[in-house]
1. Might you let me know whether region 257-269 holds any residue that is in a loop (DSSP other than H, G, I, E, B) and under 30 Å from residue 426 (Cα atoms)?
2. Would you be able to say whether some residue in region 127-137 is part of a strand (DSSP E or B) and hydrophobic (A, V, I, L, M, F, W, C)?
3. Those residues that are closer than 19 Å to residue 92 by Cα, open to solvent by 10 Å² or more (accessible area, probe 1.4 Å) and of a type in the set (Phe, Trp, Tyr), I need them from region 124-152; list them, please.
4. Just the residues that are more than 25 Å from residue 448 (Cα to Cα) and assigned to a loop (DSSP other than H, G, I, E, B), please, taken from region 213-240.
5. Filter region 527-560 down to the residues that are in a loop (DSSP other than H, G, I, E, B), polar (S, T, N, Q), modelled with pLDDT under 85 and touching a strand residue (DSSP E or B) at 6+ places or on another chain (Cβ under 8 Å) and list them by number.
6. Could you identify the single residue in 425, 493, 475 that is of a type outside the set (Lys, Arg), at pLDDT 90 or above and at negative phi?
7. For residue 263, all conditions in the list (1) at pLDDT below 95; (2) open to solvent by less than 50 Å² (accessible area, probe 1.4 Å) hold save one; what is the number of the exception?
8. Is it the case that residue 182 is open to solvent by less than 30 Å² (accessible area, probe 1.4 Å) and within 29 Å of the chain's Cα centre (by Cα)?
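The values are calculated or read from the model by the stated rules, or taken from the named source; none is laboratory data. Since the structure is predicted, the reported quantities are computational estimates derived from the model, not experimental observations. Please note: Cβ atoms are built from the backbone with ideal geometry, for glycine as well, and neighbour counts cover all protein chains shown. Areas reflect the complete protein model, heavy atoms only, side chains present, ligands, DNA and RNA absent. Shrake-Rupley method; radii C 1.70, N 1.55, O 1.52, S 1.80 Å.
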Amino acid sequence: MLRNLFVFILLCFVKTVFAQEKPDIFTADFSPEGENVFSSGEKHSGRLYLDGGESYSVATIFKPLNCKTYKISAGVRFEKGLQTRCYGLIFEASGVENSNVFLVSASGYFMTGCFSGGRFAEISPWQETEYFRKGFDNRLEIVRDNNLTYFYINEHLVFSTSRIQNFGFLHGYIAKEGAEVSSDFFRIETEKEKYVFDSPKKLLTSVNSKYPEIAPLESDDGKVLYFSRIDDPENYGRDEDCDIWYAQKERGGFYEPLHFPYKVNSPLVNAVIKTADYNRTLYVEGLYDENGHQTSSNGISVTKKISDQYWTRPEPVEIADFYNKNRHGTYSFSPDLQALVMSVERDGGFGGLDLYISFLLPDGSYSEPKNLGKPLNTELDDCTPFFSPDGKMLYFSSYGHKGFGSSDIFVSRRLSDDFLQWSEPDNLGSMVNSKNWEAYFSVSSDFKTAYFVSNDNADFDENIYSILLPKALEPWKDVFVYLTVVDKVSKEPLNATVSLRMESETEKIQQKKGVYVINTGGLECSVDISCKNYKSVSAAFEKGMSLDSNLTVELIPVRYSLKTISFYFRSAFLPFDKYPELDKLAEFLHENPGFTVLLCGHTERGDTEFSRKLALSRAQNVKQYLVDKGVKPSRIRCKGFSGTQPLTYGVSESERALNRRVEVYLTAP
């Protein structure tokens, strides 16, 4: 009983992975008109048929997905063959020789396992299950949630494991020799990718060579691409160290790369971190002695251009209490050099390489590195940081965040001016990341192109790719909306609460001289506006807004009092100067036919029969004015309170006059 309850709760929990937001769904079409997207198998009568043939037969599709959260489901039926022959689903595979499998037999047994290099290893041994329906379609389901994978037969959990490996993006059916099976549906659900990129382009051999290339960075004037090359015979260093190379940009590509001059390049790790002053100043990795010889690959130095072949001796950038326990370190400056993010390994970190931040001090040095903590850092390596050109986004690579395989590239948005608060990192998706290693994402000076490094090829050598930056990742541009909130009846400004909603973040907006100044950045967002005694509203701003604009939002009162309808002493006569105010009220009532009105008449202090009649007469005269303006009498009620509810107890004429009034209350539908 307890086991069944646990399984039910676990099933509900796993299904919430996909209930939080609409997933990206692929469903195979087995109808006669549908295209057969599988690598093999034949369609007829609304089903896909697969014959076991020799050894194992597979029918797969290529579907990149986030290998930390997905669901694969299929209906499979055994058609003919030996009852002991197995069949089922193959997933996260590059082929049969490197794959994960979920297998069943016609006799009602199941198992899970994986092929690695052609060798098979059991994850769970063959075992009988009561949930298998012999001779019928059986629904097989695989649900991945982070490090755990759950296996279901006919919606019943039969096994879970953390031992699934990612070999690739092939998924589909598998059948052992001698088994013919068919399927009536196949479906993959995975998280939708947040950023939609076009296909990346591998830079031509003028940049990429037979040696690994890493750390691409376009110069601040947009004319040069710097990168580091490993193992090139022309390098000054030993194997696995790298030198700086650079290529001048030309229309549609790059000129042949040139080797950066000696002294800046040295027999250790060399890379360009940042360029400034129209490519006349370079910040580079490493520290150098007084003779210009590099003494360490860790740290940062700055050099200035003398001529194309000569640069000044690199001078160290001082960082308080700087050390790195890892041989590898990567760095990125904010555009204004006020902040420096570095990936280093230090005491008290989360594990391996972590992201730290230092700040520029008045003497030109940088403060002691501070760990940026969660959500950026993980227990595994987090590295290759890069500030976006506006300083409001940080790109980095990570082994620890949810991804497609090895190291993936992520982006996080800065949430505070002190650079210490960052959003939950977003994976850049399958156009950038693969099951292999990706890192070193950087954005070009025109804010339109990005570069990154991937070893997603047969040689597993790192190469540089370019890709167009989607709108959602274009650097922030200040676009202001000047918002004024007013009462819809009186048009008077209101002291409202205004909150900006952009993606998952919410920020309260402060008033400046009665106007709410909202920086939308030209992105799609909305504001929530609320005020006591008024209906709350939301206003949306469309993506692509490029010019500053003024906006007035009118709030409808839920219960509203007009205290300006005052009267003469011992008189119910409606003063002429009150007509414009009542005309606004009448116009509002015509535009909002669902509202009703309560008119409450008051007099000076005291409660006599005369004062009660006078108070009611004042309210009735206001009602008659509104009726004369076309408002239906049934929408207006009148009450007289004499002098029992004074606004003031003063005795001067001006104070007593405040009590001679009619208050108007609007009630929303």
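1. Our first condition is that a residue be in a loop (DSSP other than H, G, I, E, B); within region 257-269, this holds for 257, 260-261, 263-264, 266-269.
Imposing the further condition that a residue be under 30 Å from residue 426 (Cα atoms) reduces the set to 269.
Yes, region 257-269 contains a residue that is in a loop (DSSP other than H, G, I, E, B) and under 30 Å from residue 426 (Cα atoms).
2. Let us first name the residues in region 127-137 that are part of a strand (DSSP E or B), namely 127-128.
Of the ones still in play, those that are also hydrophobic (A, V, I, L, M, F, W, C) are none.
Within region 127-137, none of the residues are part of a strand (DSSP E or B) and hydrophobic (A, V, I, L, M, F, W, C).
3. Residue satisfying the conditions is 150 alone.
4. Of everything in region 213-240, those that are more than 25 Å from residue 448 (Cα to Cα) and assigned to a loop (DSSP other than H, G, I, E, B) turn out to be 231, 232, 233, 234, 235, 236, 237, 238, 239, 240.
5. Taking region 527-560 first, the residues in a loop (DSSP other than H, G, I, E, B) are 531-533, 535-536, 542-548, 556, 558-560.
If we keep only those that are polar (S, T, N, Q) too, we end up with 533, 536, 546.
Checking the rest, the ones that are also modelled with pLDDT under 85 come to 533, 546.
If the condition is that a residue be in a loop (DSSP other than H, G, I, E, B), polar (S, T, N, Q), modelled with pLDDT under 85 and touching a strand residue (DSSP E or B) at 6+ places or on another chain (Cβ under 8 Å), then 533 is the only one that fits.
6. Working: 493 fails: at pLDDT 90 or above; 475 fails: at pLDDT 90 or above.
The match here is 425.
7. (2)
8. Working: open to solvent by less than 30 Å² (accessible area, probe 1.4 Å): yes; within 29 Å of the chain's Cα centre (by Cα): no.
So residue 182 fails the test.
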